[in-house]
Amino acid sequence: MMDLLWLVPALPFLGALVLILFGTRISRTMVAVIGVGSVGLAALITILVGTTFISSSESSFNLLLWSWIDVAGFSPSFALHLDPLSLIFIFVITFVGFLIHVYSTAFMAGDEGFSRFFAYLNLFVCSMLFLVLADNLLLLYLGWEGVGLCSFLLIGFWYEDKNNGDAARKAFIVTRVGDTAMAIGLFMLFDAFGTLAIPEILAQAPQVWTVGSQTAVIIALLLLGGAVGKSAQLPLQTWLPDAMAGPSPVSALIHAATMVTAGVYLIARMHVMFELAPLAQQCVAIIGAVTLLLAGFSALTQYDLKRVLAYSTISQIGYMFLALGVGAWSAAVFHFMIHAFFKALLFLGAGAVILLLHHEHDMFKMGGLRKKLPAVYWTFLIGAASLAAIPFITAGFYSKDNILWLTFASEKGNVWFFLAALFGAFITSAYTFRMVFVTFFGEAKSTVTHRAGNLMTVPLVVLAILSLVGGFIELPHTIGHLELLSDLLSPVLPSVILRPGIASAEWAIQSISIILSLSGVYLAYYFYLKKPALPGKIKSSFAGIHHIWFTGWGFDVLYQTIFIRPFVWLSTMYKGDPVDKCYTGIVLLTDFMHRVFAKTQGGILRWYIMGLVIGAIFILTLGLLL
């Protein structure tokens with residue numbers, strides 16, 4: 001059964017290929033069948049392959065498809081590598097991706113680019129699957145660049161609007177910064193090991209480098225640069241809020257199952273490199289802690305429903321980076337999986353609200369939707385509760401509580417990381433229920449003409465169920481002590497090392513996090529339902545701080561000032577520089593010679609004969625002289 005693994009990425013690729021070549025010639029129904037069916041079959045095969053793999057005694061499975069390149073000793077293969085880490089990722093990518101595809105058939109039903117949309121979406125899923133199943137870093141980099149290309153195409157899908165094109169270009173350029181750093185890191189890895197095969201590098205690295213080796217630190221930092229770009233962490237987070245220009249299903253796919261989680265996967269997959277580079281691993285934790293706080297504050301000030309969720313994603317990926325940085329590898333993967341469920345649910349729910357309100361994005365122009373859109377409201381509420389980590393009943397509580405505890409208890413954690421994560425949890429519950437109360441409660445300010453159909457509500461219901469029960473596969477010591485996910489990942493990722501004598505404090509940490517989470521909900525209730533005039537007064541009193549938070553802490557202005565404007569100024573100033581003049585001279589000389597030689601082809605026979613005679617005389621003269 002595991003030999004069918006190649007079909008998991010191949011089916012979405014085949015679907016994309018068929019839609020690219022024939023999408024405009026077939027019916028919309030057939031487009032939907034191909035687009036949705038290819039990913040649905042990939043999800044089904046993932047379940048079959050995963051069941052077989054888990055029931056076997058193997059810790060990994062390799063499937064060689066063909067030899068890719070063989071040049072001067074460099075011979076990476078086109079091979080797939082399945083282990084517990086890649087299995088979890090491909091399950092999330094295919095299953096959540098399938099639900100998003102189903103939802104998209106209704107959301108994009110009236111769009112002119114229907115077939116083009118599903119072609120891009122299929123290619124996006126295929127690229128992410130190659131990324132997480134890659135046996136070597138070159139194939140991983142192919143998938144890495146593939147998701148970058150597809151994000152550009154999908155963010156700018158409605159390219160008739162200039163702002164959408166700008167957002168797509170911004171995402172492409174900003175992530176290229178990280179991709180360049182990663183590419184340099186891959187060159188250094190090949191120079192050190194003579195291969196880019198991931199298992200070989202992870203096995204040889206501890207034998208080649210000691211802990212803290214300068215080369216290991218540099219390579220780990222370069223890989224971190226790539227992860228920061230794709231996962232929208234500081235300082236390369238600016239592209240993600242603008243990426244909301246794409247259709248809502250695209251936002252759900254980017255934030256939940258594909259692009260922004262690529263950095264988390266890269267660090268987890270290359271965990272040996274970061275364990276050999278404690279400085280780089282500490283940088284991962286610091287970046288995660290700072291990012292989750294800054295993004296949380298920005299989310300508090302947004303009025304666009306999707307931008308709140310965008311900053312929320314940046315913040316939640318920050319939690320995953322923080323977990324990776326303190327050595328809680330399994331906790332980061334656990335939160336990745338649960339986050340995929342509730343964030344896909346929230347984006348799809350937000351998309352339904354926006355679509356049914358005639359593409360209105362402003363939360364403060366909504367209101368009162370809980371009675372008009374009950375299915376969307378209840379599923380959105382479940383997703384929000386999971387994001388806010390409402391205790392005991394939501395999956396998000398268990399995944400976030402695990403990170404909070406381990407930032408405090410881990411040998412590589414400390415009180416500052418813990419306080420950042422704790423305060424971030426309070427901010428998360430506050431901005432999450434601010435979004436819920438403003439959108440679904442209070443006075444209705446918009447008209448709903450119809451309700452969402454089954455193709456939109458069924459994926460919401462399935463994701464809502466997963467957002468509730470998904471967390472029960474990993475329970476803390478104080479509540480059942482179940483570690484199914486950690487046990488599954490144990491052959492791939494090392495267990496977190498706790499500080500001695502700290503285990504008894506877990507119940508106290510949980511109690512504090514529960515109080516803060518519920519306090520954030522109450523704060524949102526007090527400000528936006530009980531005293532709705534109060535936020536406006538506070539905004540007026542602290543207009544400067546509000547503006548800084550609202551604009552993402554001014555990073556766009558900073559980059560405009562430091563990089564973009566000087567570059568544009570220099571380009572304009574040196575538009576006619578000497579280098580350009582050299583090439584202009586070559587063009588002028590070529591044009592002149594063209595005109596000269598053109599005159600020799602005037603069509604007059606006597607001139608041709610005279611040319612032949614002169615040429616013959618010249619050749620004979622040279623022969624006599626020489």
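No value in this document is a laboratory result; all are computed from the given coordinates. Since the structure is predicted, the reported quantities are computational estimates derived from the model, not experimental observations. We place every Cβ from the backbone using ideal geometry, glycine too, and count neighbours over all the protein chains shown.
What to note about this one:
- Computed from Cα positions, the angle between helix 84-107 and the longest principal axis of the chain comes to roughly 90 degrees.
- For the cross-link pairs K365/K531; K306/K445; K343/K400; K371/K530; K371/K400; K162/K539, the ones whose C-alpha atoms lie over 21 Å apart are K371/K400; K162/K539.
- Sequence-distant contacts, meaning Cα pairs under 8 Å at least 6 residues apart, place the relative contact order of the chain at 12 percent.
- Full extension of the chain segment joining V33 with K371 gains 118.3 nm, where the gain is 0.36 nm per residue of separation less the Cα-Cα distance.
- The slack in the chain from S55 to L475, taken as 0.36 nm per residue of separation less the alpha-carbon distance, amounts to 149.0 nm.
- Pairwise FRET efficiency - N62 versus A533, Cβ, R0 = 56 Å, nearest 0.05: 0.35
- Share of alpha-carbon pairs per 10 Å distance bin for the chain, given as whole %: 3, 15, 25, 24, 15, 6, 4, 3, 2, 1, 0, 0
- With Cα atoms, 0 to 90° folded angle of helix 395-409 axis to the chain main axis: 90 degrees
- Residues E275, E411, E112 in ascending order of nearby Cβ atoms (within 10 Å, fewest first): E112, E411, E275.
- Contact order for segment 172-319, expressed relative to its length and based on alpha carbon pairs under 8 Å spaced 6+ residues apart, stands at 28 percent.
- Note on V71/T180: beta-carbon distance plugged into 1/(1 + (r/R0)^6) with R0 of 25 Å gives a FRET efficiency of 0.65.
- Full-extension gain in nm, F597 to A444, via 0.36 nm per residue minus C-alpha separation: 47.3 nm
- About its Cα centre, the dipole of segment 329-537 is roughly 900 debye, where the only charges are +1 on Lys and Arg Cβ and -1 on Asp and Glu Cβ.
- Taking 15 Å as the cut-off, no amide N atom of segment 172-216 comes nearer than this to a point 7 Å along the Cα-to-beta-carbon line of V579.
- Charge context of R307, other residues only, Cβ under 11 angstrom, K/R +1, D/E -1: -2
- Dipole magnitude for the chain: computed about the Cα centre from +1 point charges on Lys and Arg Cβ and -1 point charges on Asp and Glu Cβ, it is near 2000 debye.
- Estimated inter-spin distance, L419 and L518, nm [label 7 Å along Cα→Cβ]: 2.5 nm
- For segment 278-286, backbone phi angles converted through the Karplus equation (6.51, -1.76, 1.60; θ = phi - 60°) give residue-by-residue couplings of x, 4, 5, 5, 5, 4, 4, 5, 5 Hz, Gly and Pro being listed as x.
- Relative to the dominant Cα principal axis of the chain, helix 605-625 is inclined by about 80°.
- Highest mean packing comes first when the peptides 303-311, 89-97 are listed by Cβ atoms within 10 Å, giving 89-97, 303-311.
- When each of the peptides 388-399, 354-365, 116-127, 40-51 is scored by how many other beta carbons lie within 10 Å of its residues on average, the order from highest to lowest is 116-127, 388-399, 40-51, 354-365.
- Where a label projected 7 Å from the Cα of D362 along Cα→Cβ would reach, residues of segment 305-331 with amide N under 17 Å: 305-308
- Between L142, I562, I201, the Cα set farthest toward the positive side of the dipole of the chain (charges on each charged residue's Cβ, about the Cα centre) is that of I562.
- Net charge over other residues, Cβ less than 15 angstrom from the Cβ of R451 (K, R count +1; D, E count -1): +3
- Mean Cβ neighbour count within 10 Å, used as a protection proxy, ranking 183-192, 455-464, 527-536, 377-386 highest first: 377-386, 455-464, 183-192, 527-536
- The helix-based estimate of mean residue ellipticity at 222 nm for the chain, built from -39,500 (n - 2.57) per DSSP H run of four or more residues and divided by its residue count, is -23000 deg cm²/dmol to the nearest 500.
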